[in-house]
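Here the structure comes first, spelled out in structure tokens, and everything after it is commentary.
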Amino acid sequence: QVQLVESGGGLVQAGGSLKLSCAATGSAFYINAMGWHRQAPGKQRELVATITAGGSTDYADSVKGRFSISRDSAKNTVFLQMNSLKPEDTAVYYCNADGHYSGSPLTFATWGQGTQVTVSS
């Protein structure tokens, strides 16, 4: 079973930066796409950024030019570099990944436990 472990959240002042990491653990799996979503209090979970196995990226309009997603495929890890943070970026950030198990048609889609990002004004 593939599990995702996130790290890097915290409290930062507006204009500051944080870098989130998410590592996939397990055995005999191949990850296709990885991404980050976030959920602010009282709001629905929303897409922040995604990256495919080939390195193609996509971003929510609200974070374009400020956030950058990257991955280390050899370590099954995805990163989210967040710059010029704003109070409205405050949310719980969730990592997700989908793929399949090696030598099997079985696919998976899994989520991390979430990491809190708080941006003070």
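The values are calculated or read from the model by the stated rules, or taken from the named source; none is laboratory data. Since the model is a prediction, treat every value here as computed from it, not as a measurement. Neighbour counts run over all protein chains shown; Cβ positions are idealised from the backbone, glycine included. Side chains included, ligands, DNA and RNA excluded: accessible areas come from the protein's heavy atoms. Shrake-Rupley method; radii C 1.70, N 1.55, O 1.52, S 1.80 Å.
Counting just the residues of the stretch 38-51 that are open to solvent by 50 Å² or more (accessible area, probe 1.4 Å) and either of a type in the set (S, T, N, Q) or not in a strand (DSSP E or B) (or both), which one comes out nearest to residue 93 (Cα to Cα)?
In this case the residue turns out to be 39.
Among 35, 15, which is the only one that is at pLDDT 95 or above and in a loop (DSSP other than H, G, I, E, B)?
15
Given the conditions (1) at pLDDT 95 or above; (2) aliphatic (A, V, I, L, M); (3) more than 13 Å from the chain's Cα centre (by Cα); (4) more than 18 Å from residue 119 (Cβ to Cβ), which single one is not true for residue 40?
Tallying (1) at pLDDT 95 or above; (2) aliphatic (A, V, I, L, M); (3) more than 13 Å from the chain's Cα centre (by Cα); (4) more than 18 Å from residue 119 (Cβ to Cβ), residue 40 fails exactly one: (4).
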